[in-house]
Amino acid sequence: PHVDIIISEWMGYFLLYESMLNTVLYARDKWLRPGGLIFPDKAVIYLSAVEQEQIKKERIDFWENVYGFDMSALKEVALLEPVVDVVDADSVVTNAVPILNIDILTCTEEDLSFITPFQLRANRSDYIHAFVAFFECAFTRIPKPLGFSTSPHSMYTHWKQTIFYLRDAITICEGEVISGRIECRSNKKNERDLDIGLEFNFEGRRQNVNKRVEFRLR
């Protein structure tokens, strides 16, 4: 038997965490009739950069002096794992750019592993302590299309935002641009986890940076 509509709340942190979309694609290919509908049917992941000096001190740099003990080895572990939490909209330093745009009616599992170049432009002069990702989902195939966003500028959702902390802050001036690329793929040992790589280059008035950092969302 085939169905006319598939409705699923499959979204995870960073949209793709836990690989729940894969099961929706399987159901679509097996049971959705031609011309059928999926809700939601569109999704986009965005990337921006933020200033979080005090919060980074509490979450990451804290390990350098834990009540007098040097536990900086744990700081290295903490830097590898993205943090899922609410980001204050006032801390956002750059514009946000799309890094993945998927149509759930037509995409494949292969589309969920991606490498995307990006350019982020500073809206003000500040420090950058982390990159931040969020997503939007939309229901476009209805008479009055609607959707929602997990942006720092939108209402709170339980998905919050995904924060990728940098070891060292970047000093950026208004109008300057960070260029780079982000890579995402399922972890080979546990497909529910995501391996995410960020490669970026910055040539500014105060600082030059060329780095690659690896993260694992688990």
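The values are calculated or read from the model by the stated rules, or taken from the named source; none is laboratory data. Predicted model, so just to flag it, every value in this text is computed and none were measured. Note that each Cβ is placed from the backbone with ideal geometry, even for glycine, and that neighbours are counted across all protein chains shown. Protein only, heavy atoms only, side chains kept; ligands, DNA and RNA dropped before computing areas. Shrake-Rupley method; radii C 1.70, N 1.55, O 1.52, S 1.80 Å.
Summary of values
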item: Between 0 and 90°, nearest 10: helix 21-31 axis offset from the chain longest Cα axis; result: 10 degrees
item: Where GluC sites (Glu not before Pro) fall in DSSP loop in the stretch 148-218, at most 14 other Cβ within 10 Å; result: GLU174, GLU191
item: Potential extension, ASP111-LYS211 segment - 0.36 nm per residue separation minus Cα distance; result: 33.4 nm
item: Residue-normalised accessible area of the chain, given per residue in Å² at a 1.4 Å probe; result: 53 Å²
item: Virtual spin-label span in nm between MET155 and ASP61, 7 Å along Cα→Cβ; result: 3.6 nm
item: Within the chain, helix-based [θ] at 222 nm, where runs of 4 or more DSSP H residues each add -39,500 (n - 2.57), nearest 500; result: -3500 deg cm²/dmol
item: Cα-centred dipole magnitude for the stretch 90-148, charges only on beta-carbon of K, R (+1) and D, E (-1), debye, nearest 20; result: 300 debye
item: Sequence-distant lysines (8 or more away, or on other chains) whose Cα lies within less than 28 Å of LYS42; result: LYS30, LYS144, LYS160, LYS188
item: Under the Karplus curve 6.51 cos²θ - 1.76 cosθ + 1.60, θ = phi - 60°, whole-Hz ³J(HN,Hα) for the stretch 84-94, x wherever Gly or Pro sits; result: 9, 6, 7, 9, 5, 4, 5, 8, 6, 9, 10
item: Candidate residues TRP10, TRP63, TRP31, TRP159: accessible-area rank, largest first, probe 1.4 Å; result: TRP31, TRP63, TRP159, TRP10
item: Cross-link partners of LYS56 among aspartates and glutamates (Cα-Cα below 19 Å; sequence separation of 8 or more within a chain); result: GLU64, ASP70, GLU76, GLU81, ASP85, ASP88, ASP90, ASP126, ASP168, GLU214
item: Summed residue charge, Cβ within 12 Å of LEU16's Cβ, Lys/Arg positive, Asp/Glu negative; result: -4
